[in-house]
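Inspection log for the structure reproduced underneath, given as structure tokens.
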Amino acid sequence: MTSSDSTRQSENAGFRRVRGRRAAAVLAAGLLFFGPMVAFSAGERAVELENRKLPDFPDLAEGWAFIPKLESWAIAHLPLRQHAVSGNAALSQLLFQQPPTYHTGREPTYPRVIEGRDGWLYFGDDVAEACRPQWSIDETLDRVRRLARMVRKSGKRFLFTVAPDKTTIHPEHLPEQFLGKGCLERRKREFWAALAHADLDGYIDLRSALLKLRNETGKPVYWSTDSHWNDRSSALYGMLLAEAVQPGLTESNNLTRTGSQTRTGDLGPLLGTPREEVVEQWGLKREGVRQLRRDDSGTPLWFRVTNTSGKAPLFTPRTILIGDSFTRTSVPWTTPYFADLTVMRSDAPARAGARQVADQIAASDVVVFEMVERYFVGGHGEMLDDATLRAVEKALREGAR
């Protein structure tokens, strides 16, 4: 074979690769423009991803801000969106050998997921909340004080805790550089310093306990492919709540490792490429404790469990535990300590109305509030909105009459 023949073969191979990539791009464009139209005609509709409400159509009165918000609205309401996320990730890897980024309608566009070392993934909202805060840290803590004051004024107990971000407990796997690293680290330092200085009554320190567990066992306390803590940490959360409401309540615990399983974390799907890991499973047994009744009439926003026990002690005052997804993943390790426990989602005010939430609080003797660190750092939370706080105050005032 001559050198000219070899050159022509190389050029032809290059042209075939280019044509292949162009064909893939044309196919992707066709699916992008015509796929949703066909799917809509067939009855497909957009669905919520990551338990987030689909955005409303923007207001024309917002001026130039209408354009990026319209883009975000259109993307969110695409039929087959959940399948498009996976397809977009595969196409991005094929053409550019890197995961995609998504425009959120606000600048800069922080990544939905941060890919760390050793296969670790981190939730990008840790960065977005820290770099685009809505309230100051002092204002957020003042709102917690306001909620605590009105609950205690009505004669009830109030406790609260902060579920630390994975970026706080396991920063060692983060990449050396990523967009928003500076404001993430700065805002976290400011928050934890302000919380320590505030010395708020009723605060349950989860961060120190999780760091201690991590250091003593030498094992991760969060899942590597998920934004949440693992089973062992869920059990620790339940124990800390139990000891906070009644010291000595956990003395008769039987916490054991029950095996392992392969688990798909919640962060891989946000990249369009689900990731699996093998995780330890843990179980909690409290001798003599059995469930009498579970009221699911308020699901998916809240449920109520009543327990009885022939041996292990139970906390008897009626308790409401208001929390986010960290609390929801920890339900098997929290409910066995309480004779009467209502578990409520912290976003219930936005979904069911502040008054319904306020009525549940008014009917309880003890209120425990959990919120993830990123929302304290970012300065927002449905339970701390003015409308919710006003409704709670009114319900408690009326209940005291």
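Placing dummy labels 7 Å off each Cα toward the beta-carbon, the span from His197 to Thr316 is 4.4 nm. Within the assembled protein chains, the solvent-accessible surface assigned to Val245 is about 10 Å², based on a 1.4 Å probe. At a probe radius of 1.4 angstrom, the accessible area of region 111-168 per residue rounds to 37 square angstrom. Stretching Glu139 away from Glu185 to a fully extended chain increases their span by 14.6 nm, per 0.36 nm per residue minus the current alpha-carbon distance. Heavy-atom accessible surface of region 239-286, averaged per residue, reaches 52 Å², computed with a 1.4 Å probe.
Computed extension gain for Glu176 through Lys153, at 0.36 nm per residue and net of the alpha carbon distance, reaches 3.5 nm.
For Arg355, the shell of other residues with beta-carbons less than 15 Å away shows a net charge of -2, using +1 for Lys and Arg and -1 for Asp and Glu.
Expressed in nm to one decimal, what extension gain is obtained for the pair Glu216 and Thr273 from 0.36 nm per residue of sequence separation less their Cα-Cα distance?
Numbers: separation 57, 0.36 × 57 = 20.52 nm, distance 3.31 nm.
The span from Glu216 to Thr273 would gain 17.2 nm if fully extended.
Based on protein heavy atoms only, region 343-401 ends up with 36 Å² per residue of surface accessible to a 1.4 Å probe. A 1.4 Å probe over all protein chains sorts Tyr203, Tyr110 by accessible area into Tyr203, Tyr110, starting with the largest. Taking 18 Å as the limit for the C-alpha separation, the pairs Lys181/Lys219; Lys219/Lys285; Lys166/Lys285; Lys153/Lys394 exceed it in the case of Lys181/Lys219; Lys219/Lys285; Lys166/Lys285. Put simply, the amide H of Phe158, placed in the peptide plane, has neighbours under 5 Å in Val367, leaving out anything fewer than 5 places away on its chain. Within region 261-297, which residues have the backbone N less than 16 Å from the label spot 7 Å out from Asp365 along Cα→beta-carbon, could you tell me? Of the residues in region 261-297, none has backbone N under 16 Å from the label point off Asp365.
The values are calculated or read from the model by the stated rules, or taken from the named source; none is laboratory data. Remember, it's a predicted structure, so these values are computed and weren't measured experimentally. All Cβ positions, glycine included, derive from the backbone under ideal geometry; neighbour counts span all protein chains shown. Note: areas computed on protein heavy atoms with side chains; ligands, DNA, RNA excluded. Shrake-Rupley method; radii C 1.70, N 1.55, O 1.52, S 1.80 Å.
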